[in-house]
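Following: one structure in C-alpha cells, then a few remarks.
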Amino acid sequence: RPDTFSLIAWFALIAALGVFAAIPLKRQLVNVEQLPFPTGTATAETLRSLHGHGGEAAEKARLLGAGALVGGVITLLRDLRVSWMPANLPAKFGLPLSIHGFPAAQWTLAVEGSLLLVGAGALMSFRTGWSLLLGAVVTYGWLAPAMHAAGAITSVAYKEIVRWSVWGGAAILVASALVSFALDWRSVARSFQSLGGLFGRKARSDPMEAVECPGWWFPAAFALLGPLIVVLMNRLFQIPLWVGFLTLPLAFALGVVASRVTGETDVTPTKALGPVTQLLYGALLPGQITPNLMGANVTGGVGLHAADLLTDLKSGFLLGAKPRQQLYAQLFGVVVGAAMVVPAFNVLVPSADVLGSEA
C-alpha cells in the first residue's frame, strides 16, 4: 500500500479541496437559501443560550437541560446493562404489521428507541421531514418487497436492501440537487459573481467581502490543488491522468449534492454518492477495482468536507462569526487530522488481514 507520507498528502489535499469548494456553496446555501443545517443551527442556539443573559436565555437553558436529561435517561434505559435493571428499552420498536410474510421491522420499518433523529427532525422543514418519511415508506415498504418477490433481493435485511436501493437513491439525489441549483440560477450566478475579476471583469461590490472568503479562492484552489491530486491518483493508484482530471468537476458537482442534502436533512450522503463515481469509472476503466474505489474516495471526500464546513459556517452565520477565520481553522484542522489519522490507522490496521473479509 502507499507510504505514510503519500497517504497524508492524499487525505490532506482532498480535504482541503472540499474546504475551498464550500466557499461558493456557502453564499448560495447559507446566505441566500438559508437552509437549516440542523446540527449547525442547534450548535448556534446552544452557544447563544449558554452565553445569553436575562429571562429568555434562562428559559432556553432550562429547555436545553430538560432535553439533555430526557435524552440521557432514554439512552441509559436502552444501553445500560446492569444486574439490577430487569429489562432495557428496545433499540427499535417494531410496527404491528407484516409485509410479504416478514415483520415490518425486518424491512427496517420500525421506530428508533432514540431521540437523536427526533431532534434533527425538529430543526428540519415540514416538507423535508415528510419527504424523508415518504421515501422510507416507499423504499422499504413497497419497492424492497417488490424487488424481493422478483428475486432481485435475495434476503430481507438492511444491507441487502441498500445494495440495491443505493443506485436509484444516488441518481435521485444527484438529479434533485442539481436541478434545484439550476432552477435558482440567478442567485447561483450572484454567488459566483466575484469570480468575474479573474477574467478581467470587475465584480460588483459586495458589502460582505471584508468578512466573506474571496470568491477567487475557490477556482485558485482547484487550479493549484487539483493537479496535485490528479498526480497522486496516477502515482498511487495508477489512475490515468485524463480520468483524474475528469474527476475534479464531478467532485464539485457531488459536493453541491452532498452539501444541499446535509443542509436540508443533516445527513451527508457520502456512501450514497460513491456509486455515481464508480459508475463513471466502471465505464472508463472497466475491471479495475482500485481506481474505481479511489476515484469515489476523491468525490466523496470533497463532498464530505464541503458539507462539514458548511455546517460550521451555518453556526457562524447565525452567531455573526467571520467565515474567513472559520475557513482558516478548518484548513488547519484537516491538515493536522490527516497527519494524525494515517499513522493511527497504520497502528490499528498493520495489514489488510486485520480487517477480515465479508462472507
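The values are calculated or read from the model by the stated rules, or taken from the named source; none is laboratory data. Computed from a predicted model, the values in this text were never measured in an experiment. Heads up, the Cβs are rebuilt from the backbone with ideal geometry, glycines too, and the neighbour counts pull from every protein chain shown. The protein model used for the area step is the full one, side chains on, heavy atoms only, and it has no ligands, DNA or RNA in it. Shrake-Rupley method; radii C 1.70, N 1.55, O 1.52, S 1.80 Å.
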Handout entry: Top positive-direction residue, dipole computed over the chain with Cβ charges, set SER351, MET294, THR247
Key = THR247
Fill in the blank from the handout: Quick note, the range 12-115: a/c under 1.5 would make it rounded; otherwise a/b > b/c is prolate and the rest oblate (a ≥ b ≥ c, C-alpha gyration tensor); here it is oblate
Problem - With 20 Å bins from 0: P(r) over the chain, alpha-carbon pairs, percent - result: 24, 55, 21, 0
Fill in the blank from the handout: In the chain, whole DSSP H helices that both stretch 24 Å or further along their axis by alpha carbon positions and average at least 1.0 on the Kyte-Doolittle scale are 4-25, 158-183, 217-237, 241-265, 323-348
Practice task
Could you work out the relative contact order of the range 45-164, using alpha carbon pairs under 8 angstrom and six or more residues apart, expressed as a whole percent?
Solution key: 18
Exercise for the section: Could you tell me the accessible area of SER49 in Å² (1.4 Å probe, neighbours in place), rounded to the nearest ten? Expected result: 10
Problem - Which of HIS51, HIS148, SER125, positive extreme of dipole for the range 28-162 (C-beta unit charges) - result: HIS148
Fill in the blank from the handout: Among the range 138-163, those whose backbone N falls under 12 Å of a label point 7 Å along Cα→Cβ from PHE102 are 140-163
Practice task
Using Cα pairs closer than 8 Å and at least 6 residues apart in sequence, work out the relative contact order for the chain, in percent.
Solution key: 30
Problem - Carbon and sulfur %, accessible surface of the chain computed with the full protein complex present, 1.4 Å - result: 69
Fill in the blank from the handout: For the range 13-68, the per residue accessible area (1.4 Å probe, Å²) is 43
Exercise for the section: Whole Å is fine, so just give me how far the alpha carbon centre of the range 239-260 lies from that of the range 48-100. Expected result: 40
Problem - Number of Lys pairs (Cα under 15 Å; 8 or more positions apart or on different chains) in the chain - result: 4
Exercise for the section: Rounded to the nearest 0.05, what FRET efficiency do GLU160 and HIS53 give with R0 = 41 Å and r taken as the Cβ-Cβ distance? Could you check? Expected result: 0.15
Fill in the blank from the handout: Spelling it out for LYS92: with amide H atoms placed in the peptide plane at 1.01 Å from N, the residues 5 or more places away or on another chain with amide H under 5 Å from its amide H are GLY113
Handout entry: Nearest-10 value in Å² for the accessible area of PHE11, using the 1.4 Å probe
Key = 80
Practice task
Would you mind checking which residues have amide H under 5 Å from ILE99's amide H? H placed 1.01 Å from N; only 5 or more apart, or other chain.
Solution key: ALA104
Completion exercise
For the chain, the dipole about the Cα centre with charges only on Cβ (Lys and Arg +1, Asp and Glu -1), to the nearest 20 debye, works out at 480
Practice task
Of all alpha-carbon pairs in the range 222-359, indicate the percentage at a distance above 24 angstrom.
Solution key: 41
